[in-house]
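Encoded as structure tokens, the structure appears first; notes follow it.
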Amino acid sequence: GAVVSQHPSRVICKSGTSVKIECRSLDFQATTMFWYRQFPKQSLMLMATSNEGSKATYEQGVEKDKFLINHASLTLSTLTVTSAHPEDSSFYICSARGEPEQYFGPGTRLTVT
Amino acid sequence: QKEVEQNSGPLSVPEGAIASLNCTYSDRGSQSFFWYRQYSGKSPELIMSIYSNGDKEDGRFTAQLNKASQYVSLLIRDSQPSDSATYLCAVNMRYNFNKFYFGSGTKLNVKP
């Protein structure tokens, strides 16, 4: 089956620092990857859609300068949370589109102190 | 109106019973429909996809699609406590094929 990995699985950082999260499709090429955020007991919230070789499309209300997305290849997308603050603490989940379905990575739990 | 709607639950069923989860969607032209299971603290896992009207069975799971009524459902037969999770319905809409629209999820509790 289609496997998506995400690294790191858990990260703690200090306020004001930046954190990079990697998302890889291991056994298929993904022209489209998605980044979601989920707060405890809340629904998935789509942050952005990224296509290989082009700029990401951000959802309304998501700051593109704060959440930098790079889809460098058909198997790798990265999300960088810049100048992180405690309110950015959340569960970040990537997914990759393997036609026609979407497969999720295991998620990254970010805690900003 | 939200693009995809689900009853948030919780839906409680006894072990061994059939759990029925429902989802409605707004775009009549939608073609692809998915059910994901999400355990607490984990990411969603794809359990079923359906593209044509009717039923699709996979083990204890049956997905049902009715495009005329714009609903998709998931039946879980012989429910087990391990099925306790939040079930997310996702739809690939015709007007934005590159995006998956998720419902808010239905929490299922299977009581031993």
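The values are calculated or read from the model by the stated rules, or taken from the named source; none is laboratory data. Keep in mind that what you see is a predicted model, and the values were worked out from it rather than measured. For neighbour counting, all protein chains shown are included, and Cβ atoms are generated from backbone atoms with ideal geometry for every residue, glycine included.
In summary, strands (runs of 3 or more DSSP E) completely within chain B and bearing 1 or more residues that are of a type in the set (A, V, I, L, M, F, W, C) and under 27 Å from A:Arg109 (Cα atoms) occur at B:4-6, B:32-38, B:45-50, B:85-92, B:100-102, B:106-111.
Among the numbered criteria (1) in a strand (DSSP E or B); (2) over 10 Å from the mean Cα position of the chain (by Cα), which single criterion is violated by A:Asp65? Every condition holds for A:Asp65 apart from (1).
Out of the residues in the stretch B:27-47 meeting the condition of being facing another protein chain (nearest Cβ under 10 Å) and in contact (Cβ under 8 Å) with a residue 24 or more places away in the chain, tell me which one is surrounded by the fewest Cβ atoms within 10 Å (Cβ to Cβ).
My answer is B:Ser40.
Of the residues A:Ala96, A:Ala84, the single one that is of a type outside the set (Ser, Thr, Tyr), crowded, with 22+ Cβ neighbours inside 10 Å and within 17 Å of A:Ser15 (Cα to Cα) is A:Ala84. Among the residues examined, A:Arg109 qualifies as of a type in the set (Lys, Arg), out of contact with any Leu (no Cβ under 6 Å at 6 or more places or on another chain) and either at pLDDT 95 or above or over 20 Å from B:Tyr36 (Cα atoms) (or both). Looking at the stretch A:29-67, which of the residues that are closer than 18 Å to A:Gly105 by Cβ and away from every other protein chain (no Cβ under 13 Å) is modelled with the highest pLDDT? Checked the stretch A:29-67; the qualifying residue modelled with the highest pLDDT is A:Phe67.
Just to be sure before I move on: is A:Phe104 surrounded by 15 or more Cβ atoms within 10 Å (Cβ to Cβ), closer than 30 Å to B:Tyr51 by Cβ and under 13 Å from the mean Cα position of the chain (by Cα) in the structure I sent?
Numbers: surrounded by 15 or more Cβ atoms within 10 Å (Cβ to Cβ): yes; closer than 30 Å to B:Tyr51 by Cβ: yes; under 13 Å from the mean Cα position of the chain (by Cα): yes.
Yes: the conditions hold for A:Phe104.
Just for strands (runs of 3 or more DSSP E) wholly inside the stretch A:72-113: which have at least 3 residues that are within 14 Å of chain B (Cβ to nearest Cβ) and of a type in the set (Ser, Thr, Tyr)?
Numbers: elements: A:76-81, A:90-98, A:101-104, A:108-112.
In the stretch A:72-113, A:90-98 are the strands (runs of 3 or more DSSP E) which contain 3 or more residues that are within 14 Å of chain B (Cβ to nearest Cβ) and of a type in the set (Ser, Thr, Tyr).
Within the stretch B:11-26, the residues that satisfy the criterion of being more than 22 Å from B:Tyr101 (Cβ to Cβ) and surrounded by 12 or more Cβ atoms within 10 Å (Cβ to Cβ) are B:Ser12, B:Val13, B:Glu15, B:Ala17, B:Ile18, B:Ala19. Answer yes or no as to whether A:Leu46 is in a strand (DSSP E or B), of a type in the set (A, V, I, L, M) and within 23 Å of B:Phe102 (Cβ to Cβ). Answer is yes for this residue. When the residues of the stretch B:71-109 are filtered to those that are surrounded by fewer than 16 Cβ atoms within 10 Å (Cβ to Cβ) and under 30 Å from A:Ser50 (Cα atoms), the one that is nearest to the other protein chains (Cβ to nearest Cβ) is B:Asn98.
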